[in-house]
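Asks: Starting off with a structure, shown below.
Laboratory data are not the source of any read-out in this text; all were calculated from the coordinates shown. As the structure is a computational prediction, the values presented were derived from the model and not from experiment.
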Amino acid sequence: MPWPPSWPGRSDAHRTGCPRGSRAPPVSVRVCSDGHELGISDTEAIEAARAEAFSLLRAEALTLQRSILPEDTFQPEELEVCARYLPGVEGTEVGGDWYDVIPLGAGRVGLVIGDVMGRGVRAAAVMGQLRTAIRAYSRLDIPPAELLGLLDGLVAELKDEQIVTCMYAVFDPATKVMTLASAGHLPPILVRPDRPAILVPSKVGAPLGVGLGVFTEHQISLEPGALLAFYTDGLVERRGVDIDAGITACMGVLEQPADDLDQWCEAVLGRLGPSDGQDDDVALLLVRLPCTDAAIDGVERMEVPRGIRSVRHARRWCLGLFLRWHLSREVADAARLVVNELVSNALLHGRGPIELVLRRTATMLYVEVFDASGHMPRRRLASTDDEGGRGLHLVASLSQRWGVRPAGDGKSVWVAMSLSHVP
């Protein structure tokens, strides 16, 4: 076996042998640059080479994992977020723990925590595949249970049998509701102001890769100041100690006051982070609903009646709201055009009750129109002779982003507009 390149006293030649007639174990003799012969037993040389190889593999896996995990966690406007990843203690292989924060439509946020069973480069590579897949699936704006179902099929198709636990949650700032689905993952911890920490009650599905592929969702309403902690088992599990004891200890730390989420993260990891009794890696994701000024963060809803004056009525309702919100004339005019187009489309092509929702934050205006039809509109290229087909192009030109997503048995068409300027 070649000498590790970083071995002290490395030379270009070495030989193995033992003095003739001696009962001493074989010795590996190396000639140093000054002509001095250095001897170590074969066993020690092999152990040193193995240790060097393990260290190199661990460094490669850690580099791969850190290149996949986000360098800067996405910071939503209406949700405070703080995350940490820590590898296991020195001398252990890197695992497949990960987290992610994903911007979705209409200011909604996707939250991910997961753990690929196994260690080393393979676990880190699989983790990278799953993180990319979740980001791609999240672009469809589908419910958490449906997303986990797609991910379960992907894991089942991997060459090596893999077992993965994962939780995917979506926060809707318009309703302050968090929707969660779990594939064998530990339940998050919820801390409400002036109340003890609890585990979020939810039905946990089978881990990904088992092949069952059936997941359920659970919803919780968050009040201002509420904190949610998502974590992997490396944070709360120790050899010879019941995992419930680790979860209880984590809940106790989160119940203590802190100035911000960074301080909470440091407190949790200081109490439960990597130590001599723990060899697993750790992912921790904390989110908190801030206490915002109602004058800045406002949500208004309108039930749109069906009739020839419905669109005009919706425009007038919006005008009064924009004046109360002190929007600029430019933004208000552009938003009224967007409302006109979305409500008209819902009346012409949708069905059932129609709801118009307007939400203002410090920097953005969100327009959403809900109806009971599952038909998803999409932009098409209208010919010069077509009388219609240009409305969504107008919406796209006036907004930062727009899209459509399933909502109950129907759909929501949403538009995000900047309060500072119109494109």
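Asks: Given H placed on each backbone N at 1.01 Å, which residues far from residue 95 in sequence or on other chains put an amide H within less than 5 Å of it?
Replies: Residues meeting the amide H criterion: 88, 120, 281.
Asks: How long is segment 298-418 along each principal axis, judged by its Cα atoms, biggest number first, in Å?
Replies: Largest first, segment 298-418 extends 38, 31, 27 Å along its Cα principal axes.
Asks: If you don't mind, there's one more thing I want to ask. What is the set of long-range amide H partners of residue 412 at a cut-off below 5 Å, with H atoms built 1.01 Å from backbone N?
Replies: For residue 412, whose amide H was placed from the backbone, the distant partners under 5 Å are 405, 407.
Asks: Calculate one ³J(HN,Hα) per residue across segment 400-405 by plugging θ = phi - 60° into the Karplus curve 6.51 cos²θ - 1.76 cosθ + 1.60, and present them in order as whole Hz with x for glycine and proline.
Replies: 6, 8, 8, x, 9, 9
Asks: For segment 108-234, take N as its residue count and report Rg(C-alpha) divided by 2.2 N^0.38 Å.
Replies: Details: Rg = 14.7 Å, N = 127, 2.2 N^0.38 = 13.9 Å.
Dividing the Cα radius of gyration by 2.2 N^0.38 Å gives 1.06.
Asks: Along segment 226-237, what does the Karplus equation 6.51 cos²θ - 1.76 cosθ + 1.60 (θ = phi - 60°) give for ³J(HN,Hα), rounded to whole Hz, x for Gly and Pro?
Replies: Values per residue, Gly and Pro as x: 5, 10, 10, 10, 9, 7, 9, 5, x, 6, 10, 10 Hz.
Asks: Using a ≥ b ≥ c from the Cα gyration tensor of segment 205-285 (square roots of the eigenvalues), is it rounded, prolate or oblate, where a/c under 1.5 gives rounded and otherwise the larger of a/b and b/c decides, a/b for prolate?
Replies: Details: a/c = 2.26, a/b = 1.13, b/c = 1.99.
Note, shape of segment 205-285 comes out oblate.
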